[in-house]
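*Asks:* Below is the structure I would like to discuss, written out as structure tokens.
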Amino acid sequence: MKLNVTSIDAKKVGSIDLADEVFGVEVRTDILARTVDWQLAKRRSGTHKAKTISEIQGTTKKPYRQKGTGRARQGSLRSPQFRGGARIHGPVVRSHEYDLPKQVRALALKCALSAKAKDGQLIVLEKAAVPTPKTKELAKRLEKLKLASVLVIDGAEIDRNFRLAARNIPGIDLLPSAGANVYDILRRETLVLTKDAVAQLEARLK
């Protein structure tokens with residue numbers, strides 16, 4: 001697959017051949033959904049907690065005698081059937097993380113990249129770098145490129161000036177190539193890869 005290479009000033013500066021094994025695979029929505037669920041489960045804090053009967057504040061005294069009242073026997077006012085009592089089988093502090101095979105994760109990333117390429121929402125930049133960390137100047141350049149909701153993936157490191165200039169612009173995410181993931185690719189409308197990012201992703205996924 002051949003794609004034009006664009007400069008940060010929205011000028012065509014050449015072309016690049018994208019590997020079909022990475023950017024041209026069949027898009028499987030089931031694999032994408034499975035991986036997004038896995039990523040979001042890992043991000044959950046798991047700090048939800050309901051009090052058990054031993055943690056409810058209150059007396060341990062039996063509310064009334066066992067027999068002779070005509071009512072059901074009760075041992076504690078902290079029981080779940082009473083107002084303010086404990087909650088049965090409530091949430092506890094735990095991790096929601098689970099395992100996903102490495103092959104599935106790699107296939108999902110290929111599907112995400114291929115989906116962007118197939119929909120014409122993939123742009124290859126020569127370099128994601130600007131001479132000065134000025135937000136206004138970068139915003140003008142992105143407007144020329146017609147980028148509003150975008151994920152920019154660079155090589156091993158993100159250019160410092162580009163990172164500082166982009167941090168106050170809404171709708172723009174930056175990641176190094178090692179951090180490329182399915183959820184962040186899909187949540188933005190356009191995917192922008194630098195030439196370094198393309199090379200590193202192809203080396204990682206081929």
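What follows is calculated from the coordinates using simple rules that are stated; it is not laboratory data. For clarity, every value in this text was computed on a predicted model and none was experimentally measured. Neighbour counts run over all protein chains shown; Cβ positions are idealised from the backbone, glycine included.
*Asks:* Along the charge dipole of segment 50-90, pointing to its positive end and built from +1/-1 on Cβ of Lys, Arg, Asp and Glu, which listed residue (Gly58, Ile88, Gly68) has its Cα farthest out?
*Replies:* Farthest towards the positive pole: Gly68.
*Asks:* GNM on the chain, C-alpha springs below 10 Å: top fluctuator among Val27, Val92, Val182?
*Replies:* The residue with the greatest mean-square fluctuation here is Val92.
*Asks:* Figure the gain on full extension for Glu21 and Met1 (residue separation times 0.36 nm, minus the Cα-Cα span) and round it to one decimal in nm.
*Replies:* Roughly 6.2 nm would be gained on extension.
*Asks:* Within segment 1-44, whose backbone N sits under 19 Å from a point 7 Å along Cα→Cβ of Glu202?
*Replies:* 1-7, 13-26, by backbone N distance to the label point.
*Asks:* Now a separate question. Order the peptides 153-163, 126-136, 42-52 from the highest to the lowest mean number of other Cβ atoms within 10 Å of their residues.
*Replies:* Put in order of decreasing packing, that is 153-163, 126-136, 42-52.
*Asks:* Between rounded, prolate and oblate, where does segment 1-76 land on the alpha carbon gyration tensor, with a ≥ b ≥ c its root eigenvalues, rounded for a/c under 1.5, else prolate if a/b exceeds b/c? Each step should come with its number before you reach the end.
*Replies:* Numbers: a/c = 8.37, a/b = 4.12, b/c = 2.03.
In terms of gyration-tensor shape, prolate.
*Asks:* Then there's this: Taking the Cα centre of segment 50-90 as origin, sum charge times position over the Cβ atoms of Lys and Arg (+1) and Asp and Glu (-1), and report the length of that vector in debye to the nearest 20.
*Replies:* Around 220 debye, computed over segment 50-90.
*Asks:* Rank the residues Lys67, Lys118 as a footprinting-exposure proxy: fewest other Cβ atoms within 10 Å of their Cβ go first.
*Replies:* Lys67, Lys118
*Asks:* If you don't mind, there's one more thing I want to ask. Cut-off 10 angstrom, C-alpha nodes, Gaussian network model of the chain. Which of Leu100, Leu109, Leu151 fluctuates the most?
*Replies:* Highest fluctuation of the listed residues: Leu100.
*Asks:* So which residue, out of Arg188, Arg78, Arg167, gets the largest mean-square fluctuation from a GNM of the chain using Cα contacts under 10 Å as springs?
*Replies:* Of the options given, Arg78 has the highest mean-square fluctuation.
*Asks:* If you don't mind, there's one more thing I want to ask. At q = 0.16 Å⁻¹, what is the log10 ratio I(q)/I(0) for the chain, with the Debye formula run over Cα points and no solvent?
*Replies:* Here the Debye-derived log intensity ratios amount to -1.03.
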